[in-house]
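Step one of this worksheet: look at the structure below.
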Amino acid sequence: MLDSWMSKMVDNKKPSAAAHATRETETRKAQEREYTYTPPSQLDSPQAKPGIAHRWVRISLMGSDDDRNMSMRRREGWEVVRAEEHPEFVGPVHSEGRFTGVIGVGDLILMKIDERQLAAKRKFIDQKTDRLQAAMDSNLFREEDPRMPISVNRQSRVATGGGLRFDD
């Protein structure tokens, strides 16, 4: 009885199977698209929520904890990003130690800060840079001599090569 059942299954071939495969193959060729390769990133991170900025921060250096760096980042206002804050993100999460449940790769963890706080920090740094530049200019121009005037040109230009030219 088993032999008769198997023989019916083997003999029961659909005649249109070959025609269907050909049509499927032709359709697939028409729908093929060009693939492009992008190398995988080890530092993929979830999309930051509006008004929040993300940054990767080092937690250890050469096998030892970098508490100084973490302390400084936390005083600046950075907070760790936990995996439960981004359930849609499928990526590396620390599974042991004091950073359990935090999104991270190796000796880096993902941290977040309010964009307004980050903008205030950037403004402070820009103002400090301007004050330092003014102090440098003041020292420089104090040494200026009328016989050899100092001119400051802070404009930058980018020049690209005009191609190779050979004399004929």
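The values are calculated or read from the model by the stated rules, or taken from the named source; none is laboratory data. On a predicted model such as this, the values are computed, not experimentally measured, just so you know. A quick note on method: Cβ atoms are made from the backbone with ideal geometry, for glycine too, and the neighbour counts reach across all protein chains shown.
Taking the stated definitions as given, is Asn139 outside any loop (DSSP other than H, G, I, E, B), modelled with pLDDT under 90, out of contact with any strand residue (DSSP E or B) (no Cβ under 7 Å at 6 or more places or on another chain) and not aromatic (Phe, Trp, Tyr)?
Answer is yes for this residue.
Could you list, in sequence order, all residues of segment 66-83 that are hydrophobic (A, V, I, L, M, F, W, C) and more than 23 Å from Gln47 (Cβ to Cβ)?
Met70, Met72
Residues of segment 78-129 being free of Cβ contacts under 8 Å to residues at least 40 places away in the same chain and of a type in the set (Phe, Trp, Tyr), which ones?
Trp78, Phe124
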